[in-house]
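K.L.:
Sharing a structure below in structure tokens format, with a few things to ask.
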Amino acid sequence: MVIAMALYQYAWAVLLAPLLSFVVIVFGTRVWDLLSRPHIAATTTHAEEHAVEAHGSEGEDYGEHGEDDDDDPKVPRLSAGAIASGYVAIGIMALACIYSWIMLLTSVFNRQSLPAGGIDVLHYDWFVQPGGVASYSIIFHLDTLALAMMVVVTTVSLLVYFYSQGYMEDSAGYARFFAYLTLFTFSMLVIVFAENFLVIFVGWELVGLSSYLLIGFWINKRAKPAELRPSPSSAALQAFVANRVGDVGFIIGIMILFANTGTFSFAQLSTAVTHIDKNLLTVAMILVFCGAIGKSAQVPLHVWLPSAMEGPTPVSALIHAATMVAAGVYMIARTFPLYVAAGPAAFGTVAWVGAITALFAATVALVQSDFKRVLAYSTISQLGYMFVGLGVAGSEYGPGLGMFHLFTHAFFKALLFLGAGSVLHSLHHATHREVQDMRLMGGLGPKMPITAITWLIATLSISGFPFFAGFFSKDTIINLTAERSDWGLYIITLGTAGLTAFYMLRAYILAFGGKGGSFGGLWGGPYRGEGQPHESPITITLPLILLAIPSVIAGYWFGFFDYIQPGAPVLNLSTILSDAKTWIGVVVALAGLAVAYTLYCRVDAAKLHAFVQNNALLRATHNFLYHAYYINELYDLLIRYVVLGISHIEQAFDTYVVDGIVNGVARLALLLGRDGRYVETGRVQSYMIGFFGGVAVLAVLVFALVTFGVGK
Amino acid sequence: MGLTLNHFLILGAILFCIGLYGAISKRNAIAVLMGIEIMLNAVNVTMIGFSFFNHVKPYSTYLTGQIFAIFIITVAAAEAAVALAMIIAIYRKRETVDVGEIDIMKW
């Protein structure tokens, strides 16, 4: 018991571990890496720094790759400093990961060892307002919810770090990449450990920063308008700006809560909010949810996530699939008691935004041809499910429902992204070009068997195929909407499950199978690209294998709801299997899989393409979905004409009114000086007249005041 | 009816006004200087008056006003010497002592 308490008390070590790696890499190994590059001295300015990277360690161009390749600067081999950066990050993260797993397992098997409300692992009163009106504290808190999320973050981080060794093997920015990754993990853990809105907001912005840095990692890469792909730098900017829009609501919500209770702490707020007007609380919680909409890429702020796919694929797996985008879900789970206290509109908003997003993103994912973009929309869709889970759970189930899907989704979605990265990496080596279009893949199954099999496992898991992880977490959410008689949500989530199965198997077949392959087209088939792709190295395939395990078994943690919120229902395999609704879900998922199999394994791709193109309605639908409902274009118009229009008006106001006043004051002073200087005649006598005249006037004034004025 | 403080104050005021008039209206620099001297002496008269007619102890035993008057006389003498020297210097340079034409300090 005492040992267990000590175990939890030192949990801050997990938080500080990635920060330590970050410091070591930035001030140690990365400097070593830069100094070990000859010809160009260690530089200080940003532009020169990238010049070093572009020239590589030998100071010469490394021109193996094709002309239309991305501009990612390459090096023939990594310096010792760069390799050390990777080892530092992986080694420290491995320790943190093991530690967090030990804590999780201890708390699962010895539920009493961790107090129900959790413990503060670090408490620092930054500023306490006299009289106890308000306090601003930095509190890191550990409870079951934080532990579950921490395990996800550290595990996926560790595997992604390991994977990055292979994926970024020839990138000149290798050390910088690891520095950003460790910074991200630290920021994410700040969110995980946060006990109040103040700390969570700091973490919130820090992950935004790391996300920005990592999306825009390949700063020199150009946009590809033909594939609707922005340049990484503009994608990074878009992500940052879209998050700011959500954060405006978030911070206003926090301010409403703080102004009415005088505390940021989640624990104190959950008791204090009962005194707030219920309507105001509902508004505040919906505003807080705006932050989650931005961070978790829900409609209407989802536009940044597909663009964020311009970042390196490990980043997409870690940040834009498994952890950061789930921060919104985690934040709602954290503030769950506040939503319970608020009116039903708060949870209703969460559930409906999630449901609409899930359906919207799933329909868009149906027709995408970019490998990573399918996964991006799939992530948006699955995050929608999590919000539905949080929105319909109520106090009976607690935040466990949404968190369970987050937990399983993190593993299989990270696996999907890393598998996709493995394919892109392999194709890059085979073609010397960047290939992300699934129309240039096909039949890769026998060529890269480990990637294909693990990808198939993840596909089945996300599709809700029975006895895979996603089956348990997703079907529980769908079934609960029916139990709550929320038929609108039920139909949307159920339909989305079918769409999910369809687009995931479609992506699998387009990449790894095809008509003509074995197993009826599921394995192998014609390869539509160039070169000879082959399996990726062990650094890439090992994380895939390791992630495939939780993608199957993570769903068997039936006590998850109870773990997150003591007293919540415990899942039971026989109950799940005897529920008719479960089998409706399975049938819908199987139907989606069957349609995908029929269309892509049984029908000739050219024939299918011709059929869609010749049917005006289908073609229009396809274009509509392919452009994601033209929402990006709509935002473009909105910003170009409305936002910029208002900006022009404001600029005119600034130029003519604000500047007018400022310049007018200056001009007045100038005029006064120019015309008033003639008062200075240079004749002493005129000064004397002024002086004594002034004295006379003052004397009369004083006399008058004393005689008739206020003195009397 | 003997002398009262009012006599001194009225005399001082009259002298001051005469001096001020002279200092402002005369064109000749020496006449202006004389006006200034009259103003200074007007102040001296007032000082002496206040000093002499003060009956409040312990201030009445102090001679502050009279000592001030002696100071002013001293300073006025020094000032007259400096001012006359300046007038001579200006006269040598500009061949005039008309203060209306001495405007080298103007804008």
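The values are calculated or read from the model by the stated rules, or taken from the named source; none is laboratory data. What you see is a predicted model; the values in this text were computed from it and never measured. Because the Cβ atoms are built from the backbone with ideal geometry, glycine has one as well, and the counts that use them run over all protein chains shown. To get the accessible areas, we keep the full protein, side chains included, count just its heavy atoms, and leave off ligands, DNA and RNA. Shrake-Rupley method; radii C 1.70, N 1.55, O 1.52, S 1.80 Å.
K.L.:
Does any residue of segment B:4-37 lose at least 40 Å² of accessible area with all protein chains in place compared with its chain alone, and if so which ones (probe 1.4 Å)?
P.N.:
B:I24
K.L.:
Mind checking which lysines have their Cα closer than 21 Å to the Cα of A:K221? Skip sequence neighbours fewer than 8 apart in that chain.
P.N.:
A:K74, A:K372
K.L.:
Name the residues of segment B:81-107 whose accessible area, probed at 1.4 Å, falls by at least 50 Å² once all protein chains are in place instead of their chain on its own?
P.N.:
With the partner chains in place, segment B:81-107 has these residues losing at least 50 Å²: B:M105, B:W107.
K.L.:
Of A:A469, A:F193, A:I332, which is farthest on the positive side of the dipole of the protein assembly as shown, counting Cα position, with +1 on Lys and Arg Cβ, -1 on Asp and Glu Cβ, and the Cα centre as origin?
P.N.:
Farthest along the dipole direction, towards plus: A:I332.
K.L.:
If you take the square roots of the eigenvalues of the alpha-carbon gyration tensor of the protein assembly as shown and sort them as a ≥ b ≥ c, do you get rounded (a/c under 1.5), prolate (a/b over b/c) or oblate? All intermediate terms of the calculation are to be shown ahead of the outcome.
P.N.:
On the way: a/c = 2.98, a/b = 2.37, b/c = 1.26.
Prolate shape, in that a/c is at least 1.5 and a/b is the bigger ratio.
K.L.:
Determine the total buried accessible area between chain B and chain A, counting protein heavy atoms only with a 1.4 Å probe; round to the nearest 100 Å². Write out the running numbers ahead of the final one.
P.N.:
On the way: alone 7900 and 29280 Å², together 36070 Å².
Between B and A, the summed buried area is about 1100 Å².
K.L.:
Can you list the residues, at least 5 places off or on another chain, whose amide H is less than 5 Å from the amide H of A:S296, using H built in the peptide plane?
P.N.:
Hits under the 5 Å cutoff: A:G328.
K.L.:
In addition: Determine the dipole magnitude for the protein assembly as shown: charges of +1 sit on the beta-carbon of Lys and Arg, -1 on that of Asp and Glu, nothing else is charged, the reference point is the Cα centre, and the result goes in debye to the nearest 20.
P.N.:
On the way: 42 positive and 50 negative charges, 238 e Å.
Approximately 1140 debye in magnitude.
K.L.:
Could you work out how far helix A:449-463 tilts from the main Cα principal axis of chain A, as a 0 to 90 degree angle to the nearest 10?
P.N.:
Around 70 degrees separate the two axes.
K.L.:
Keeping the other protein chains in place, figure out the carbon and sulfur percent of the accessible area of chain B, with a 1.4 Å probe. Mind dumping the intermediate values first?
P.N.:
On the way: 5420 of 7370 Å².
The computed percentage sits at 73.
K.L.:
Continuing with the same structure: Would you kindly state the longest site-free stretch of chain A, with sites defined as chymotrypsin sites (Phe, Trp or Tyr not before Pro) in a DSSP loop (not H, G, I, E, B) surrounded by at most 14 other Cβ atoms within 10 Å?
P.N.:
On the way: sites that count: A:Y10, A:F467.
By the stated rule (loop sites, at most 14 other Cβ atoms within 10 Å), A:11-466.
K.L.:
Moving on to the next point. Counting only heavy atoms of protein chains, what accessible area per residue, in Å², does the protein assembly as shown have with a probe of 1.4 Å?
P.N.:
44 Å²
K.L.:
Sum up the charges of everything whose Cβ sits under 10 Å from the Cβ of A:A430, counting Lys and Arg as +1 and Asp and Glu as -1, but leave A:A430 out.
P.N.:
Details: positive: A:R433, A:K447; negative: A:E530.
Residues near A:A430 contribute +1 overall.
K.L.:
Ok, one more. What order do A:I509, A:I639 take when sorted by accessible area (1.4 Å probe), most exposed first? Spell out each step's value before the answer.
P.N.:
Numbers: A:I509 0, A:I639 90 Å².
Order by accessible area, largest first: A:I639, A:I509.
K.L.:
May I ask for the angle, rounded to the nearest 10°, between helix A:616-626 and the longest principal axis of chain A, with both axes built from Cα atoms and the value confined to 0 to 90°?
P.N.:
For helix A:616-626, the angle is close to 60 degrees.
K.L.:
To continue, here is another question. Report, in degrees rounded to the nearest 10, the 0 to 90 angle that the Cα long axis of helix A:644-653 makes with the longest principal axis of chain A.
P.N.:
Orientation of helix A:644-653: about 10 degrees from the principal axis.
K.L.:
Follow-up. So how do A:C290, B:C17, A:C601 rank on accessible area, 1.4 Å probe, biggest first, that is with the largest at the start? Can you show the working numbers first?
P.N.:
Working: A:C290 40, B:C17 85, A:C601 0 Å².
Putting A:C290, B:C17, A:C601 in descending order of accessible area: B:C17, A:C290, A:C601.
K.L.:
Related question: Roughly speaking, to the nearest percent, how much of chain A's 1.4 Å accessible area is carbon and sulfur?
P.N.:
Answer for chain A: carbon and sulfur cover 70 percent of the accessible area.
K.L.:
Report the label-to-label distance for A:I661 and A:R439 in nanometres (one decimal), using points 7 Å from each Cα along the Cα→Cβ vector.
P.N.:
With each label point 7 Å from Cα toward Cβ, the separation is 5.8 nm.
K.L.:
At what distance in angstrom do the alpha carbon centres of segment B:29-49 and segment A:588-662 lie from each other?
P.N.:
Value for the Cα centre distance between the two parts: 94 Å.
K.L.:
Just read off the accessible area of B:E79 with the full protein assembly in place, 1.4 Å probe, to the nearest 10 Å².
P.N.:
Near enough 60 Å² of accessible area.
K.L.:
With the Cα gyration tensor of segment B:5-94 giving a ≥ b ≥ c as the square roots of its eigenvalues, does the rule (a/c under 1.5 for rounded; else a/b larger than b/c for prolate; else oblate) give rounded, prolate or oblate? It would help to have the intermediate numbers written out before the result.
P.N.:
On the way: a/c = 6.67, a/b = 2.01, b/c = 3.31.
Oblate is the answer for segment B:5-94, as a/c is 1.5 or above yet b/c matches or exceeds a/b.
K.L.:
Now for a separate question. Roll a 1.4 Å probe over the protein heavy atoms and report the accessible area of A:E535 in Å², nearest 10.
P.N.:
My reading of the accessible area for A:E535 is about 40 Å².
K.L.:
If you add up the charges near A:A284, with Lys and Arg at +1 and Asp and Glu at -1, over every other residue whose beta carbon is less than 14 angstrom from its beta carbon, what do you get?
P.N.:
Details: positive: A:K278; negative: A:D277.
Result for the neighbourhood of A:A284: 0.
K.L.:
So what are the ³J(HN,Hα) numbers for segment B:31-47, from phi and the Karplus equation (6.51, -1.76, 1.60; θ = phi - 60°), rounded to whole Hz, Gly and Pro as x?
P.N.:
5, 4, 4, 4, x, 5, 4, 4, 4, 4, 5, 4, 5, 4, 4, 4, 4
K.L.:
Sorted by accessible area with a 1.4 angstrom probe, largest first, how do A:K581, B:K93, B:K106, A:K372 fall? Don't skip to the answer; put the middle values down first.
P.N.:
Details: A:K581 50, B:K93 175, B:K106 90, A:K372 0 Å².
Descending accessible area places them as B:K93, B:K106, A:K581, A:K372.
K.L.:
What FRET efficiency comes out for the pair A:A116/A:I639, r = Cβ-Cβ distance, R0 = 51 Å, nearest 0.05? Please report the intermediate quantities before stating the final value.
P.N.:
Details: r = 48 Å, r/R0 = 0.95.
It comes to 0.60.
K.L.:
Then there's this: How high is the FRET efficiency between B:Y21 and B:L63 when r is their beta carbon distance and R₀ equals 41 Å, given to the nearest 0.05? Write out the running numbers ahead of the final one.
P.N.:
Numbers: r = 32 Å, r/R0 = 0.78.
Efficiency at R0 = 41 Å is approximately 0.80.
K.L.:
Compute the accessible area of each residue in segment A:673-701 twice, once for its chain alone and once with every protein chain present, using a 1.4 Å probe on heavy atoms, and list those whose area falls by at least 50 Å².
P.N.:
Output list: A:G682, A:R683, A:Q685, A:M688, A:F692.
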